[in-house]
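Presented below is the structure to which this report refers.
No lab work stands behind these numbers, since they all come straight from the coordinates. Everything numeric in this text was worked out from a predicted model, so none of it was measured. All Cβ positions, even for glycine, are placed from backbone atoms using ideal geometry, and neighbour counts span all protein chains on display.
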Amino acid sequence: MDSNLLIIIIIIAILVTVCFIKEFGFDSYISWFLIISNIFSIYLMFKAIVELKKIEKLTDAMSEEFIISFEQYFNQNKQ
């Protein structure tokens, strides 16, 4: 999953929560449920974004290392 997609989902979740609060106010249980569940969802999505960034860094480093090792192997066999 792309981190940009997660950010879009977070924005949509915030907009839905704001719309429900405008419609029902803070007196409704559904508004409080949405607020709490969206806060939890946003927290999990931010954690997912952080993990995605870590994975992207690792795969970039691994791909660079693979290219270097492949070039070394190819140059050794070429000689």
Filter the range 32-56 down to the residues that are among the aromatic types (Phe, Trp, Tyr) and closer than 24 Å to Lys22 by Cα and list them by number. Trp32, Phe33, Phe40, Tyr43
Residue that is nearest to Asn4 (Cα to Cα), among those in the range 55-79 that are charged (D, E, K, R) and surrounded by 10 or more Cβ atoms within 10 Å (Cβ to Cβ): Glu56
